[in-house]
Amino acid sequence: MNNVLDTVDQRTQLVGENRLELLLFKINTLQLFALNVFKIKEVVSLPKLSAMPGSNPNIAGVANIRGMSIPVINLREAIGFAPKPYDGDTNLIITEYNRSVQGFLVGKVEHIVNMTWGDIMPPPRTAGMHNYLTAITKVDHDGAQQLVSIIDVEKVLAEIIDYDITLSEGVLDEQLLPELMGKKVLIVDDSSTARTQVRDTLGQLGIEIIEASDGLQALTMLKGWADEGKDVPNELLMMITDAEMPEMDGYKLTAEVRADNRLASLYITLNTSLSGSFNHAMVEKVGCNKFISKFQPDLLVSVVQERMQQVLANN
């Protein structure tokens, strides 16, 4: 199974080109689900699991992978399907999200597909607010077009891991609070859970939050405000955007903003569950001002306060 991801390092070049690759797999017998390959470290057959008494019921146990203890989440049960015994098709997808490594128990792993973010659509509004999808798409599979559901991993993790938005002592600059009160920040993220985390964190500063669920929606909003004659870079303290989103990713969004003279000076922070030096290189390539790996409330607040100080210094 490891050979599925043998060329994962080569796949990083797709990020920043509004492209992605999805690993397709099954959880039940009919539906196809997917995760972004760039967040996957490897895929292995079901290893022996050690029990974790007292853990979240969706934690199936701990796997020892080359000397590293990795918590294993039963993805089928975590997103609301009925329990099912493990069988010969059960596999473990090992991922890295938000600076942590975890495994997801899934069924049969199919193959990898190469797509553009333009092919990836938000889930239908009729799915409601409590679904576990960030997006859907269609692929050719077994001779027919089949719907693929892309899992909102951040929502799954947030229901298992307690993400605390409490700020550490000394992080909040009390003298800046009057200046920050009412300032506007645009949050762009396809995960409603991730938007909530940022919104609740920055709400402690009295900031007014504007939300968009994908890069294209955000770009349309920004250009619309500019068409109305608004000085967008001055009206918004900053834009905080995810990297991976349906229709237009955060890298492409940033490049489009920088290409529009009316928007070009907007302060942009990339806030993503992707991590590593690759992101820092992409930040420089497309022109983001800052990069933060999720979810770090202290760092998020520090970046916003730093931006506020820059604005005050330039006035």
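Taking the solvent-accessible surface of protein heavy atoms with a 1.4 Å probe, what is the per residue accessible area of the stretch 17-113 in Å²?
Result: 44 Å² of accessible area for each residue.
Per-residue 3J(HN,Hα) values for the stretch 113-122, derived from phi via the Karplus relation 6.51 cos²θ - 1.76 cosθ + 1.60 with θ = phi - 60°, read 10, 9, 9, 9, 5, x, 7, 9, 10, x Hz in sequence order (x marks Gly and Pro).
Working from Cα pairs under 8 Å separated by at least six residues, relative contact order for the stretch 18-99 is 29 percent.
Using a probe of 1.4 angstrom and keeping all protein chains present, the accessible surface of the stretch 197-240 works out to 40 square angstrom per residue. Here the label points at His111 and Glu159, each 7 Å from Cα along the C-beta direction, are separated by 3.2 nm in the simple model. The label-point distance for Asn261 and Met52, in a model that sets each label 7 Å from Cα toward Cβ, rounds to 5.5 nm. Computed from label points 7 Å out along Cα-Cβ, the spacing between Val101 and Asn234 is 5.0 nm. Centre-to-centre separation between the Cα atoms of the stretch 18-33 and those of the stretch 74-91: 15 Å.
I'm checking a number: the convex hull volume of the Cα atoms of the stretch 180-310, normalised per residue, in Å³. What is it?
Details: hull volume 12.3 nm³, N = 131.
Cα convex hull per residue, to the nearest whole number: 94 Å³.
For Ile65, nonlocal amide neighbours, meaning residues 5 or more places apart or on other chains whose placed amide H falls under 5 Å from its own, are Ile70.
Helix-only mean residue ellipticity at 222 nm, the chain, DSSP H runs n ≥ 4 weighted -39,500 (n - 2.57), per residue, nearest 500. What is it?
On the way: 10 runs with 85 residues, N = 315.
Taken over the chain, the calculation gives -7500 deg cm²/dmol.
With respect to the chain, whose longest principal axis is taken over its alpha-carbon atoms, helix 215-227 is tilted by about 20°. Across all Cα atoms of the stretch 57-197, the radius of gyration (one decimal) and Dmax (whole number) stand at 19.0, 63 Å. Taking amide H as placed 1.01 Å from N in the peptide plane, Phe291 has its amide H under 5 Å from the amide H of Leu270, each at least 5 places away in sequence or on another chain.
Can you give the FRET efficiency for Glu174 and Lys41, using 1/(1 + (r/R0)^6), R0 = 45 Å, r = Cβ-Cβ distance, to the nearest 0.05? Spell out each step's value before the answer.
Numbers: r = 42 Å, r/R0 = 0.93.
For Glu174 and Lys41, the calculated efficiency is 0.60.
The distance linking the stretch 215-250 with the stretch 133-195 is 17 Å (Cα centroid to Cα centroid, whole angstrom).
Let me know the Kirkwood hydrodynamic radius for the chain, please, with Cα pairs as the basis and the value in Å to one decimal. Walk me through the intermediate numbers first.
Working: mean 1/r = 0.0485 Å⁻¹.
After inverting the pairwise mean of 1/r, the radius is 20.6 Å.
For Ala158, what is the net charge nearby, where nearby means another residue's Cβ is under 14 Å from its Cβ and Lys, Arg count +1, Asp, Glu -1? Here the count lands on -3. For the chain, the relative contact order is 16 percent, taking Cα pairs closer than 8 Å that sit 6 or more residues apart in sequence and dividing their mean separation by the residue count.
Sorted into 10 angstrom bins from 0, the C-alpha pair distances of the stretch 172-213 split as 31, 49, 18, 1 percent.
The values are calculated or read from the model by the stated rules, or taken from the named source; none is laboratory data. Bear in mind the structure is a predicted one, so any value in this text is a computation, not a measurement. All Cβ positions, glycine included, derive from the backbone under ideal geometry; neighbour counts span all protein chains shown. We work out accessible area using only protein heavy atoms, side chains counted, and drop any ligands, DNA or RNA first. Shrake-Rupley method; radii C 1.70, N 1.55, O 1.52, S 1.80 Å.
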